[in-house]
Amino acid sequence: KTKYSKLIFRKSDTVPEELHQMVQESFLTLREHACFFQDLVRIKGKDFLTPVSRVLIGNPGCTYKYLNTRLFTVPWPTEGYDIKYGSPQIHDACKALMRLNDYLHIEAVGALQGQNLFETKIKDTTLIDREQSFATSLTEQGSVSKDQSSVCVAEDDRSIKNRTSYNLTLLNYMDPLQMLYLKQEPYFGMGNMAVSWHHDENLVERSTVAVYSYSCEDSAIQESKEQELKGRDPAVWHVGLKVAWDIETPGLAVPLHQGDIYLMLDDLNMTHQHCVLAGLSPRFSSTHRVADSSRGTLEYIIGRCELALQNLQTDSDSMALSLKSLEAAVVKQVEEIHNEVEFEWLRQFWFQGKRYLKCTDWWLKPMAQLEEFWRKLEIMTSLVFSEVRKEQQIEEQRNETISCFLLLLKERQKLRKEWTAR
């Protein structure tokens, strides 16, 4: 109650039955259409296949990067966008998850407003009253700890809305019985982990993460319930939480059944780590996030490419291409954008093959546009080579341009070797 007050738990019977049905059908549809994929992620210079299979669904043009792998959204049906899906069933699944997204946004806004009201009340009471408040149940909305209340500040509705306006959901699927080996939870003896301890990456600061869990419970779980168990039931999926970099404070393992929801409010994702503890049955989850889109949208990278190409000009008579400026700062900016579009976008997309085509072909046109930009950036790199060879350049300026230019070319060469090896 004092260490995990920003975890809000909702039992499945609080969620509309119609929504349960739509969402659970969408999970099964996406699995039937083979839309879930294991990701090849990079940790400490080594590649690993994730035990969990995933698909990213969200706003058109959004991406989400974790463990050096960029995922590209299968767009949910969004007004003003022409989105073609691999089948009508995939369209319906994406639409259902968009409905869930709207529902979880409303839930998260309510939870944060409730928490803020509770904190305001706490500040106006005596220490004794405050201590009594900590008897509030973990699952009740708005409970807050004394050691966290001082960090919280009253916020306006706009700030709350910004931190709960989910722009994508990362869907997860795993059948633990198909896994040959699962890591054991190392600190508290919680058993098999489907996902190790971590913070979610690439999120807007202090944004809420909302998770809908659907485990396909069967007779294996019923049998387990009949046994006398110490600790957590190994047949049931759990979410585990612990205070970051602290193994003295007891960890928390919350059981997850069909249609349960949990919210990680405010800064919980930063102050705590969480893991997923495997049960026996297959499980889906939809994890709704406010991804940091400052550098992760199609609009952003197109804008960057257009900025770089402002330094390229075409002679109106000969149609010859040349650079407007050879200033070191301009060359540096253009070559940084060159590396960004190649390694953060094009290689990330094609490295994952044509797997997205099972769901939608939406990304093919933007990728063709980015490839066209990249070809022009390659021309601009060769033009820099040509220009710095000319002796009429002022030596000091020439050396400065060459120095920063070579650094970025070395970085490009290193990254190309790494990607080729992968």
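The values are calculated or read from the model by the stated rules, or taken from the named source; none is laboratory data. The structure displayed is predicted, hence computed values, not measured ones. Neighbour counts run over all protein chains shown; Cβ positions are idealised from the backbone, glycine included. Protein only, heavy atoms only, side chains kept; ligands, DNA and RNA dropped before computing areas. Shrake-Rupley method; radii C 1.70, N 1.55, O 1.52, S 1.80 Å.
Summary value for region 36-117: 19 percent relative contact order, contacts being C-alpha pairs under 8 angstrom separated by 6+ residues. What separates the Cα centres of region 259-309 and region 334-393 is a distance of 26 Å. In percent, rounded to a whole number, the relative contact order of the chain is 20, using alpha-carbon pairs under 8 Å and six or more apart. Can you tell which of Leu67, Leu263, Leu370 shows the greatest fluctuation in a Gaussian network model of the chain with Cα springs below 10 Å? For the chain, modelled as a Gaussian network with Cα springs under 10 Å, the answer is Leu67. For Met190, nonlocal amide neighbours, meaning residues 5 or more places apart or on other chains whose placed amide H falls under 5 Å from its own, are Glu185. Taking the C-alpha atoms only, the angle from helix 298-309 to the longest principal axis of the chain is near 20 degrees.
Rounded to the nearest 20, the Cβ-based charge dipole of the chain about its Cα centre (Lys and Arg +1, Asp and Glu -1) stands at 900 debye. Which of rounded, prolate or oblate describes region 1-69 when judged by the alpha-carbon gyration tensor and an a/c cut-off of 1.5? It is oblate, given that a/c is not under 1.5 and a/b is not larger than b/c. Pairs from the list Lys324/Lys365; Lys95/Lys417; Lys84/Lys376; Lys46/Lys242; Lys84/Lys410; Lys84/Lys414 with a Cα-Cα gap above 32 Å: Lys95/Lys417; Lys84/Lys410; Lys84/Lys414. For region 298-421, a crude dipole built from +1 on the beta carbon of Lys and Arg and -1 on the beta carbon of Asp and Glu, taken about the Cα centre, is about 680 debye to the nearest 20.
Here the chain has 52 percent of its accessible surface on carbon and sulfur atoms, given a 1.4 Å probe and all protein chains in place.
On the beta carbon distance between Tyr187 and Ser322, with R0 = 60 Å, the FRET formula returns roughly 0.45.
Across region 85-95, computed HN-Hα scalar couplings (Karplus, 6.51 cos²θ - 1.76 cosθ + 1.60, θ = phi - 60°) run 10, x, 7, x, 5, 5, 4, 5, 5, 5, 5 Hz from first to last residue, x flagging Gly and Pro. Of Gly61, Gly279, Gly189, the residue with the greatest mean-square motion in the GNM of the chain, using alpha carbon springs below 10 Å, is Gly189. Seen through its C-alpha gyration tensor, with square-root eigenvalues sorted a ≥ b ≥ c, region 280-422 comes out prolate because a/c lies at 1.5 or above while a/b is bigger than b/c. Using the heavy atoms of the protein chains and a 1.4 angstrom probe, tell me the accessible area per residue for the chain in square angstrom. With the other protein chains kept in place, the chain gives 50 Å² per residue. Using a probe of 1.4 Å on the protein chains alone, the accessible area found for Ile43 is around 70 Å². Over the residues of the chain, the helix contribution to mean residue ellipticity at 222 nm works out to -12500 deg cm²/dmol, using -39500 (n - 2.57) for each DSSP H run of at least 4. As a length-normalised measure over Cα pairs under 8 Å and 6 or more apart, the relative contact order of region 285-422 settles at 31 percent.
Please work out whether the chain counts as rounded, prolate or oblate from its C-alpha gyration tensor, where a ≥ b ≥ c are the square roots of the eigenvalues and a/c under 1.5 means rounded, while otherwise a/b larger than b/c means prolate and anything else oblate? It is prolate, given that a/c is not under 1.5 and a/b is the larger ratio. Taking K and R as +1 and D and E as -1, what net charge do the other residues with C-beta under 13 Å from the C-beta of Lys242 add up to? Result for the neighbourhood of Lys242: -2.
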